[in-house]
Amino acid sequence: MLPRTILLLILAFLLIAKTHASALISLPFSDQLLSTVANKKQWQQLLKIDNKSLIKREIFAIHSPSFYFTEPAALTAKNELINTLHALLSAKHYEQSDQHPQCRFPARYIWLKKQFDLSQLTPVACEKYQNWAKLSSTKSISLIFATGYLGNPASYYGHTLLKLNATSQQPSDLLDTSVNFGADVPANEDPISYIVKGVVGGYEGRFSHSKHYYHSQNYLENELRDLWEYQLNLEQADFQFLVAHIWELIAQDYTYYFFDENCVYRMYELLKLIEGVTLPELTAPWVIPQEVVRAINVATYKGAPLVKSQRYIPSRQAKFYNKYWQLSVQAKILVAKIVAEPEQLSLLDSQNVTPMQRRKILSTLIDYYQYLLAVDDKAKAKHKQRYTRILAYRYQQPIGKAKFNSKEAVSPHNARPSSYLQLGLLQAKDHGNGYSIKLRPAYYDQLDAEVGHVKNGVLKMAELELAYLSEQLAISSFTVFEVLSVKNQASGLPQDGYDSWRLYLGMKKQADKCVNCADFTFQADKGWAVPLSDKTTVAAYVGGALIENYQHRGRLYASSRISLTQTITAQWNILLNIEARKYLENAQLTLVNYSAETRYKFNVNNHFMDLRLALSQYQAQVSLGYYW
């Protein structure tokens, strides 16, 4: 009985193998043609084959079995090409047309028709795809850039998504389809797991789609992030090909890496699929959203600029600030009085208040309470009541529009590159002359925070500074991360205060008096950063740090610090700092550190550079920096 069973199994296997072989041979295309097409760049891009790998084998970025017709063990570009063609040419009947290969992989179908004679195929009506793509009414595609958000580490550097634009007859773009790529992070994930998994690829990443109002509400109203829209200049056939490929990618599983294979990398990868698009290569081992925004704005499409137009979309907070800071001092005082005591609204009836001043104050108050409704859930009922009261008063006024100047926003693509290299000359009080070198992969410090950054803020990761003094090469600092969050245009009104905070983790010298003395430091400060004008900000902080017990100094200190940032010209600014430290485990030790640094930025043939002069009580440094 057993030998007969084995014999039947062998015969069945041979029959299946023969049938499969016959099917493979039945393709009406030569093996040479199949090999040539399988090696084409665009086919490999459609399959998401990673050609960056140093390993000389095909690495597939998507690991969802549903994305392939080939079993994982046999998956190659050529095998997937053969099996895709078999699926398309098969006479198999699908009860649901949307399961047909033409509907599951419309971009593959479009592309393969250009490589092979598939004229015998009858086009399938793909209802789900057609309803989603809305190709009859969707005429263009835009890249959306959301500026950085310091409330979430994954959003520090900004975010990008795509928007499928309907015809101009549509009254609003809020019903357009947005396409997003993001990590699938479990709810209530703890911060340590979040960081570690994000770095090592512990999360799945997926494309998803939703109506644009979802992202508009989240970014503009909840997180108070400005948006920039860059409409792409693509011909209809290429636009529809890109939309078809996006459909193929929805809900497929990738491995998500925060530093490189992230949201913006996948958007950049999509644009590179289009023939005729020439994009600068991303050569750094990290991918930052702003760099891709810079890239698409110098990219070309069939000899013309890839970006057709750009549009700035201010957040709820930005709209309020733009109006508030255009008010006169008298108008700001009236706003503060009305916010403190709503009955003071009657002050606007004074003959000393002109109709235009009244309209501008009311418009500012309306935006202020809309802002509060977005950020202060605990007192939403009170804010709603006061908002309604302001609106009712406004409706009683004569018809007329408050005239404000539009904010002169500068597109993030005009910012300097994200990475920084600095060479410096040192003169130390106790150690003579020397040299320094600094490398910062990302992103900005208090003096070079520019377009798309938080002005006067800090966001640095993996910054290394070395110094050569007294015939010693030593680490001056190694910043794992440093974040300084400030509100540059805060009004000082309730729920819009001057709160500021700072976190630092890394190694640094406790003073410039020593050379080889950088030690572990975790520092946290809380305070206020008050914008005296759009060019001057004064800040005060209290906090402390956990450090190594170097020279019996102790492991803890408390600190207070005062700083001033001053913009002199568009190219020149200054930072002043005074800090007092009390070491809690060493009653004898109190330190006062002061420093001053000035920066002048310039551009040579579109190469962004700066000159800096830094002074402290123990050291002077002059340096030349280059952004790349």
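Observations
- Here K323 passes the criteria (1) modelled with pLDDT of 95 or more; (2) in contact with a strand residue (DSSP E or B) (Cβ under 6 Å, 6 or more places away or on another chain) except the one numbered (2).
- Evaluated against (1) touching a helix residue (DSSP H, G or I) at 6+ places or on another chain (Cβ under 7 Å); (2) modelled with pLDDT of 95 or more; (3) open to solvent by less than 40 Å² (accessible area, probe 1.4 Å); (4) β-branched (V, I, T), I62 falls short on exactly one condition, (1).
- Single unsatisfied condition, T388 versus (1) modelled with pLDDT under 95; (2) open to solvent by 20 Å² or more (accessible area, probe 1.4 Å); (3) out of contact with any Pro (no Cβ under 8 Å at 6 or more places or on another chain): (1)
- Considering only residues in the stretch 65-101 that are of a type in the set (D, E) and part of a helix (DSSP H, G or I), the one that is nearest to T122 (Cα to Cα) turns out to be D98.
Each row is one residue, and each column tells you yes or no for (1) out of contact with any Asp or Glu (no Cβ under 7 Å at 6 or more places or on another chain); (2) part of a helix (DSSP H, G or I); (3) not assigned by the TED database to the domain that holds H215.
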| residue | (1), (2), (3) |
| --- | --- |
| F259 | yes, no, no |
| Y268 | yes, yes, no |
| L271 | yes, yes, no |
| Q330 | yes, yes, yes |
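- One residue stands out in the stretch 437-461 among those that are among the β-branched types (V, I, T) and open to solvent by 20 Å² or more (accessible area, probe 1.4 Å): the one that is nearest to V622 (Cα to Cα), namely I437.
- When K128 is tested against the conditions (1) open to solvent by 30 Å² or more (accessible area, probe 1.4 Å); (2) under 25 Å from E275 (Cβ atoms); (3) charged (D, E, K, R), the lone failure is (2).
Each row is one residue, and each column tells you yes or no for (1) of a type outside the set (S, T, Y); (2) farther than 19 Å from V243 by Cα; (3) more than 30 Å from the chain's Cα centre (by Cα); (4) not in a strand (DSSP E or B).
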{"position": "C103", "(1), (2), (3), (4)": "yes, no, yes, yes"}
{"position": "Y109", "(1), (2), (3), (4)": "no, no, yes, yes"}
{"position": "K113", "(1), (2), (3), (4)": "yes, no, yes, yes"}
{"position": "Y129", "(1), (2), (3), (4)": "no, no, no, yes"}
{"position": "S136", "(1), (2), (3), (4)": "no, no, yes, yes"}
{"position": "L143", "(1), (2), (3), (4)": "yes, no, no, no"}
{"position": "G148", "(1), (2), (3), (4)": "yes, yes, no, yes"}
{"position": "L161", "(1), (2), (3), (4)": "yes, no, no, no"}
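Each row is one residue, and each column tells you yes or no for (1) exposed (fewer than 15 other Cβ atoms within 10 Å of the Cβ); (2) in contact (Cβ under 8 Å) with a residue 40 or more places away in the chain; (3) farther than 22 Å from T479 by Cβ; (4) hydroxyl-bearing (S, T, Y).
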site: K535; (1), (2), (3), (4): yes, no, yes, no
site: L556; (1), (2), (3), (4): no, no, no, no
site: T565; (1), (2), (3), (4): no, yes, no, yes
site: N605; (1), (2), (3), (4): yes, no, yes, no
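- Cβ-Cβ distances below 9 Å connect the following pairs, each with a first residue in the stretch 317-345 that is more than 16 Å from R358 (Cα to Cα), a second residue that is part of a helix (DSSP H, G or I) and open to solvent by 50 Å² or more (accessible area, probe 1.4 Å), and a separation of six or more residues or different chains: Q317/V375.
The values are calculated or read from the model by the stated rules, or taken from the named source; none is laboratory data. None of these values were measured; they are calculated from a predicted model. Virtual Cβ from ideal backbone geometry, glycine too; neighbours counted across all protein chains shown. Each accessible area value is taken on the protein alone, full model and side chains, heavy atoms only, with ligands, DNA and RNA left out. Shrake-Rupley method; radii C 1.70, N 1.55, O 1.52, S 1.80 Å.
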